[in-house]
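The block underneath contains the structure these notes are about, expressed in structure tokens.
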Amino acid sequence: MASNDNRRVVAVADPAALAIAAAERFLARIAASSKRAAICLTGGSSPKRLYQLLATDFYRSRIPWDRVHWFIGDERLVPAGDPLHNMTMARAAFLDQCAPASNVHAIPTATADPADPDRSAALYEAELKSFYGADTLDRGRPLFDLVLMGVGPDGHTASLFPGYPEVEEAYRWVVGVPRANVEPFVPRVSLTLPTLASCREMLFEVAGADKRGILTRVLAGENLPAGRAASIGETVWLVDQAALPGDFRGH
Ligand code: 6PG
């Protein structure tokens with residue numbers, strides 16, 4: 001384990017151990033919240049194993065589903081049901097079986113004009129503000145209990161791509177991203193860095209040798225969205241051995 005400000009790198013053996021460690025952190029954050037809990041999920045392939053684990057009896061029976069609300073940090077601007085749709089993946093893996101429908105807060109893409117992802121972004125921003133009960137984020141009262149994140153090959157996180165103006169957004173909670181920097185090349189909608197930061201814990205999941213290069217750059221402090229993403233509370237990078245940069249081996 002190593003530390004850098006409020007960021008900790010936690011090494012685990014492999015993707016199976018990664019999913020278990022992440023599931024246990026979910027449970028701990030939910031248990032620590034006295035009333036309703038808010039979890040912001042992520043897309044990509046990395047979280048799928050975790051999502052499937054949450055639907056197993058062992059985890060399913062330990063989650064108070066009625067008081068947990070599920071959000072998503074970014075979405076691809078395709079209709080729900082499309083294989084590229086992030087919330088559809090999470091629904092299929094666990095939410096549809098376990099969570100009350102009214103506790104699942106998807107980014108609306110059904111009527112979205114692909115040329116105008118800002119429309120979806122504005123709708124989701126309104127939903128987040130309504131859930132939070134205020135129009136400005138208070139550091140003493142985080143929006144989310146936990147925000148799950150991944151890192152892409154170019155150092156993006158959520159749909160905040162390196163060098164894109166959306167990374168610098170300081171006012172809006174959610175933004176449209178008309179053009180993705182990596183596949184799939186569909187318009188995106190993304191929570192901004194200040195919105196993602198408004199959480200008690202930000203949890204990155206990183207696995208596989210193909211992630212080691214970008215993770216090395218992020219942890220070395222390069223100016224990349226994934227490196228700039230941090231919680232106002234605790235930021236944890238859960239990393240498996242294959243992805244772990246040399247400097248962090250042995251921790
Ligand atoms: C998306 C994601 C994105 C993802 C990373 C890592 O919509 O694509 O939310 O930010 O987390 O690209 O993706 P993998 O887990 O597939 O490597």
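The values are calculated or read from the model by the stated rules, or taken from the named source; none is laboratory data. Computed from a predicted structure; not experimentally measured. Note that we place each Cβ from the backbone using ideal geometry, even for glycine, and neighbour counts take in every protein chain shown. Just the protein is used for accessible areas: all its heavy atoms, side chains included, with ligands, DNA and RNA removed. Shrake-Rupley method; radii C 1.70, N 1.55, O 1.52, S 1.80 Å.
In the stretch 178-232, what count of residues is obtained for those that are closer than 22 Å to Tyr124 by Cβ, charged (D, E, K, R) and within 12 Å of the ligand (Cβ to nearest atom)?
Total satisfying the criteria: 1.
Can you pull out the residues in the stretch 21-45 that are surrounded by fewer than 16 Cβ atoms within 10 Å (Cβ to Cβ), more than 28 Å from Arg76 (Cβ to Cβ) and either among the small types (Gly, Ala, Ser) or modelled with pLDDT of 95 or more (or both)?
Glu24, Leu27, Ala28, Ala31, Ala32, Ser34, listed by residue number.
Filter the stretch 106-133 down to the residues that are within 13 Å of Thr195 (Cβ to Cβ) and not in a helix (DSSP H, G or I) and list them by number.
Scanning the stretch 106-133 gives a single hit, Ile107.
Among the helices (runs of 4 or more DSSP H) contained in the stretch 157-250, which hold 2 or more residues that are of a type in the set (Val, Ile, Thr)?
212-219
Cβ-Cβ below 9 Å, separation at least six or inter-chain, first residue in the stretch 56-79 and within 30 Å of Ala226 (Cβ to Cβ) and free of Cβ contacts under 8 Å to residues at least 40 places away in the same chain, second within 11 Å of the ligand (Cβ to nearest atom) and in a helix (DSSP H, G or I): which pairs?
Taking only residues 6 or more apart or on different chains, the pairs are Trp70/Met87; Trp70/Ala90; Ile72/Asn86; Ile72/Met87; Ile72/Ala90.
Pull out all pairs, ordered by first then second residue, where Cβ-Cβ is under 7 Å, the residues are six or more apart or on different chains, the first lies in the stretch 148-172 and is more than 18 Å from Ile214 (Cα to Cα) and away from the ligand (no atom under 13 Å from the Cβ), and the second is open to solvent by less than 10 Å² (accessible area, probe 1.4 Å) and in a loop (DSSP other than H, G, I, E, B).
Note: pairs meeting the criteria are Glu169/Thr192; Arg172/Thr192.
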